[in-house]
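The values are calculated or read from the model by the stated rules, or taken from the named source; none is laboratory data. A quick note: this is a predicted structure, and the numbers were derived from the prediction, not measured. Glycine gets a Cβ as well: all are built from the backbone with ideal geometry, and neighbour counts include every protein chain shown.
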Amino acid sequence: MRHAVWCLILVFLIGSPTGAGEVDPFSANDKQIKDSKSLVNTYLNREIIRILKTYRKRHKKHSSCEDVSLHIMRNLGTRKYGFIRMDALNSALELWVVSNREIDRIPGYGYEEDAYDCQSIYAPKLKFFGIWPKAVDPTININGVYFGTDKLSHFLGSGYEYFSRYLDKKSKGMDDYGAQLYAIRWGVMMEKTILGLWPVGVFSFADLEANYQGFLMAKDLCDQGALQYKNGAWELVRKIQFQHYVNPDWDEAYNPNSYSESRQKEIRKNIVQFHKCESLNWSNYYKRQVLYEKKIIAESSSRNIEGRSLSSSLMKMLSTKKIAQRTRIYHEILKAGYQGWSYQKIHILFRAIDSISESYLLENFCRKNR
């Protein structure tokens, strides 16, 4: 039923100025962008406090913490499409970031968007369902991780959808891991269909990572005591640190997409036509890859966050033993049969992604197109 609702919403969106976005991973990964985490943190915490103030006036004081967290995510990450409120393809946070001149980005303000789009890997123009033209999203920097602004809407909007489904399954007696896997499977199906492959021919593993991290933030609001009932009202007693949920797997240059056959053909043509491989500053690109690997090791050691990324969490859920080795690309979970879980079982559970092409890191993509 909910899939049918999504299809109706997308029919409405084709005639609207909003829609799912994509980022060109060749555009910014070798360049310098200023960190915007403090600005985004200020926005998020201000909005959560505002939402809690309105919650006090409209809801019973004995709501559970999970009810309050779901209400926060609904207000941060959804929009009304007609009479239905669903995951926002362009959340208020994303729209605020894109329009905020204090936030450094590539392309920078003043650069003609049409020129940027026409030189991207999606040239001559990214189109939603082949009909409605969409601008290629800018890239920003949060705590040293580069990602497209579309990930902000995935974080809040799909994060809400994951959390809603998770709570629903938990309320019906499903265990924690099973409820999480149910939500993740929904995200995979959305990428395979109406949020990825169908409209733009892109399956983004980075989108799935941002989805999952939004779910974790919603869960952490209660599990880590950020929300507390004090003095007759729910309060945010510990500020959200957005950078704790952003990891290198948000970056499509590091955690590369898979594409439909027709989309990959167009991308290869544009890589050659616009000399993407020759113009990339490979020295800077590799420095960023090294920084990412160091960041993963440092954060895992200092904050004990093993199992916090989507890939490592799935490894933890799908294995009978603890898996310490980090796996970046979702395909590896589908291809490998870990102890206690056969490939066939994983394949059936997630309906493995057979209709899309192999993922390539930038250097491998360039090697294949020389």
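When the stretch 269-288 is filtered for residues that are part of a helix (DSSP H, G or I) and either of a type in the set (Ser, Thr, Tyr) or buried (at least 17 other Cβ atoms within 10 Å of the Cβ) (or both), the ones remaining, listed by number, are Asn270, Ile271, Lys276, Cys277, Ser279, Ser283, Tyr285, Tyr286, Arg288.
Pairs linking a residue in the stretch 263-279 that is touching a residue at least 24 places away in the same chain (Cβ under 8 Å) to a residue that is in a helix (DSSP H, G or I) and of a type in the set (Asp, Glu), with Cβ atoms under 9 Å and 6 or more positions apart or on different chains, are Cys277/Glu363.
Given Gly77, Gly108, which one is closer than 30 Å to Tyr285 by Cα, modelled with pLDDT of 85 or more and not β-branched (Val, Ile, Thr)? Can you show your working first?
Numbers: Gly77 fails: closer than 30 Å to Tyr285 by Cα.
Checking each option against the conditions leaves just Gly108.
With the requirement that a residue be modelled with pLDDT of 95 or more and not in a strand (DSSP E or B), what does the stretch 226-243 give you? Of everything in the stretch 226-243, those that are modelled with pLDDT of 95 or more and not in a strand (DSSP E or B) turn out to be Ala226, Val237, Arg238, Lys239, Ile240, Gln241, Phe242, Gln243.
Kindly evaluate Glu252 against the criterion of being touching a Leu at 6+ places or on another chain (Cβ under 7 Å), surrounded by 23 or more Cβ atoms within 10 Å (Cβ to Cβ) and either in a helix (DSSP H, G or I) or not aliphatic (A, V, I, L, M) (or both).
Details: touching a Leu at 6+ places or on another chain (Cβ under 7 Å): no; surrounded by 23 or more Cβ atoms within 10 Å (Cβ to Cβ): yes; either in a helix (DSSP H, G or I) or not aliphatic (A, V, I, L, M) (or both): yes.
For Glu252, the condition - touching a Leu at 6+ places or on another chain (Cβ under 7 Å), surrounded by 23 or more Cβ atoms within 10 Å (Cβ to Cβ) and either in a helix (DSSP H, G or I) or not aliphatic (A, V, I, L, M) (or both) - is not met.
Taking the condition out of contact with any strand residue (DSSP E or B) (no Cβ under 6 Å at 6 or more places or on another chain), surrounded by fewer than 20 Cβ atoms within 10 Å (Cβ to Cβ) and within 30 Å of Lys294 (Cβ to Cβ), does Asn100 pass?
Values: out of contact with any strand residue (DSSP E or B) (no Cβ under 6 Å at 6 or more places or on another chain): yes; surrounded by fewer than 20 Cβ atoms within 10 Å (Cβ to Cβ): yes; within 30 Å of Lys294 (Cβ to Cβ): yes.
It is true that Asn100 is out of contact with any strand residue (DSSP E or B) (no Cβ under 6 Å at 6 or more places or on another chain), surrounded by fewer than 20 Cβ atoms within 10 Å (Cβ to Cβ) and within 30 Å of Lys294 (Cβ to Cβ).
Is it the case that Tyr212 is aromatic (Phe, Trp, Tyr) and over 14 Å from the mean Cα position of the chain (by Cα)? Full working, then the answer.
Working: aromatic (Phe, Trp, Tyr): yes; over 14 Å from the mean Cα position of the chain (by Cα): no.
Answer is no for this residue.
Among the residues of the stretch 132-149, is there at least one that is of a type in the set (Phe, Trp, Tyr), over 18 Å from the mean Cα position of the chain (by Cα), within 23 Å of Val188 (Cα to Cα) and part of a strand (DSSP E or B)? No, the conditions are met nowhere in the stretch 132-149.
Of the residues making up the stretch 103-135, not one is aliphatic (A, V, I, L, M), loosely packed, with under 14 Cβ neighbours inside 10 Å, in contact with a helix residue (DSSP H, G or I) (Cβ under 8 Å, 6 or more places away or on another chain) and under 22 Å from Cys277 (Cβ atoms).
Residues that are free of Cβ contacts under 8 Å to residues at least 60 places away in the same chain, crowded, with 18+ Cβ neighbours inside 10 Å and small (Gly, Ala, Ser) within the stretch 153-194 comprise Ala179, Ala183, Gly187, listed in sequence order.
Of the numbered criteria (1) in a loop (DSSP other than H, G, I, E, B); (2) free of Cβ contacts under 8 Å to residues at least 60 places away in the same chain, the one Ser120 fails is (2). Pairs linking a residue in the stretch 207-229 that is in contact (Cβ under 8 Å) with a residue 60 or more places away in the chain to a residue that is among the basic types (Lys, Arg) and surrounded by 24 or more Cβ atoms within 10 Å (Cβ to Cβ), with Cβ atoms under 7 Å and 6 or more positions apart or on different chains, are Ala210/Lys151.
Can you tell me which residue is modelled with the highest pLDDT among those in the stretch 80-97 that are of a type in the set (D, E, K, R) and surrounded by fewer than 19 Cβ atoms within 10 Å (Cβ to Cβ)? Give the steps one after another, and end with the answer.
Kept after step one, since they are of a type in the set (D, E, K, R), are these residues of the stretch 80-97: 80, 85, 87, 94.
This time we only want the ones that are surrounded by fewer than 19 Cβ atoms within 10 Å (Cβ to Cβ), so: 80, 85.
Numbers: Lys80: 70, Arg85: 67.
Looking at residues that are of a type in the set (D, E, K, R) and surrounded by fewer than 19 Cβ atoms within 10 Å (Cβ to Cβ), I get Lys80.
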